[in-house]
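Asker: I am attaching a structure below and will ask some questions about it afterwards.
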């Protein structure tokens, strides 16, 4: 049995999980998303740690029950993370936000689990492709601009843009005059006469 107190490879797995999670979390933090550096780093580290525990429990039980234990703990990790991810998704006025953040939480948990199981190449591939996936939004906008396509605007956002075009401001559920330099806009003054 390996030394459970200090195993350099396991510490490397945990450290790598923390760094991968911190890097993706930093990107989310820069874009002011609900789950940032601390959350994504912790989720990735937790996935790795729980998978390491799962591997050790499997080795304690022997070969016959090891796969059952690994499967159960892995499924439990993904179920728990699903609830955390669902908590980041918000819906209001026909607009859904936080789906990408939920997907990042799920992805980085998988990366942590792969590291915990010792699958470095799978973890690195998931991390790299996850980073590429997060970079697709600007690329998509660039392609749409080149093809002269307009991005689809959600119904709530379209209403907000229409209200702003009319010289008004949408504040929660209330529509009120937009102030420019301390006074109402010219289009609002014409309507008030």
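Asker: Given the structure, is residue 58 part of a helix (DSSP H, G or I), modelled with pLDDT of 80 or more and either surrounded by 12 or more Cβ atoms within 10 Å (Cβ to Cβ) or more than 13 Å from the chain's Cα centre (by Cα) (or both)?
Answerer: Values: part of a helix (DSSP H, G or I): yes; modelled with pLDDT of 80 or more: no; either surrounded by 12 or more Cβ atoms within 10 Å (Cβ to Cβ) or more than 13 Å from the chain's Cα centre (by Cα) (or both): yes.
Considered against the rule, which asks whether it is part of a helix (DSSP H, G or I), modelled with pLDDT of 80 or more and either surrounded by 12 or more Cβ atoms within 10 Å (Cβ to Cβ) or more than 13 Å from the chain's Cα centre (by Cα) (or both), residue 58 comes out as no.
Asker: Can you pull out every residue in region 115-126 that is within 13 Å of residue 21 (Cα to Cα) and surrounded by fewer than 24 Cβ atoms within 10 Å (Cβ to Cβ)?
Answerer: Going residue by residue through region 115-126, those that are within 13 Å of residue 21 (Cα to Cα) are 115, 123-124, 126.
Residues satisfying the conditions are 124, 126.
Asker: Something else now. For a quick check of your reading of the model, give me the residue pairs whose first member lies in region 62-89 and is in the same structural domain as residue 116 (by TED's automatic domain parsing), whose second is modelled with pLDDT under 80 and assigned to a helix (DSSP H, G or I), with beta-carbon atoms closer than 7 Å and at least 6 apart or on different chains.
Answerer: Close Cβ pairs satisfying both conditions: 66/58; 66/59; 69/57; 69/58; 69/61; 70/58.
Yes/no per residue for (1) at positive phi; (2) assigned to a loop (DSSP other than H, G, I, E, B); (3) surrounded by 20 or more Cβ atoms within 10 Å (Cβ to Cβ):
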{"position": "5", "(1), (2), (3)": "no, yes, no"}
{"position": "16", "(1), (2), (3)": "no, no, yes"}
{"position": "19", "(1), (2), (3)": "no, no, no"}
{"position": "28", "(1), (2), (3)": "no, no, yes"}
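Asker: Going by the structure shown, is residue 112 farther than 17 Å from residue 39 by Cα and surrounded by 15 or more Cβ atoms within 10 Å (Cβ to Cβ)?
Answerer: Working: farther than 17 Å from residue 39 by Cα: no; surrounded by 15 or more Cβ atoms within 10 Å (Cβ to Cβ): yes.
Taking the combined requirement at face value, the residue does not satisfy it.
Asker: On to the next question. Evaluate the following for residue 41: is it within 15 Å of residue 103 (Cα to Cα), in a helix (DSSP H, G or I) and in the same structural domain as residue 135 (by TED's automatic domain parsing)?
Answerer: Working: within 15 Å of residue 103 (Cα to Cα): yes; in a helix (DSSP H, G or I): yes; in the same structural domain as residue 135 (by TED's automatic domain parsing): yes.
It is true that residue 41 is within 15 Å of residue 103 (Cα to Cα), in a helix (DSSP H, G or I) and in the same structural domain as residue 135 (by TED's automatic domain parsing).
The values are calculated or read from the model by the stated rules, or taken from the named source; none is laboratory data. The model shown is predicted, which means the values in this text are computed figures rather than measured ones. All Cβ positions, glycine included, derive from the backbone under ideal geometry; neighbour counts span all protein chains shown.
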